[in-house]
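One structure is given here, and the rest of the page talks about it.
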């Protein structure tokens with residue numbers, strides 16, 4: 001049970017740190033594309049955000065599945081469901097900070113990223129050669 005919790009928390013932390021760090025780096029590098037409250041209507045920035053958050057979410061769900069003591073896909077999907085809950089809350093709280101299409105696409109893709117991360121790990125496990133038993 002503890003290893004499962006550590007796996008999910010580790011994946012979540014990776015996603016959060018990378019996403020927030022990249023958001024801050026972009027706001028610092030391109031302040032003219034953001035409003036004072038951090039919102040943007042730049043389609044380029046919003047698409048870039050969907051891309052890097054997708055990459056980070058896939059990596060975080062892979063890490064979660066990699067650290068999971070068993071059932072890696074289930075762990076990745078649990079992290080995805082947790083991410084979906086946080087994304088729904090964030091979308092409700094910050095609906096006016098980006099166009100509706102951005103929120104809808106982002107919410108739609110959360111479980112896709114989780115599945116991809118879990119799938120990467122399950123394929124990796126399936127490709128591992130069986131270890132011979134040594135005495």
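Residues in the stretch 83-108 that are touching a residue at least 40 places away in the same chain (Cβ under 8 Å) and crowded, with 18+ Cβ neighbours inside 10 Å: 83, 98, 102, 106.
Condition check ((1) assigned to a helix (DSSP H, G or I); (2) within 16 Å of residue 11 (Cβ to Cβ); (3) more than 15 Å from the chain's Cα centre (by Cα)) across all residues:
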| position | (1), (2), (3) |
| --- | --- |
| 35 | no, no, yes |
| 54 | yes, yes, no |
| 79 | yes, yes, no |
| 107 | yes, no, no |
| 115 | yes, yes, no |
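For the stretch 35-68, which residues satisfy the criterion of being over 28 Å from residue 81 (Cβ atoms) and surrounded by 18 or more Cβ atoms within 10 Å (Cβ to Cβ)?
Let us first name the residues in the stretch 35-68 that are over 28 Å from residue 81 (Cβ atoms), namely 35-37, 41-44.
Passing the criteria: none in range.
Computed from the coordinates by the stated procedures, all read-outs in this text should not be read as laboratory data. Keep in mind the model is a prediction, meaning the values are calculated, not measured. Positions of Cβ are backbone-derived with ideal geometry, glycine not excepted, and every protein chain shown enters the neighbour counts.
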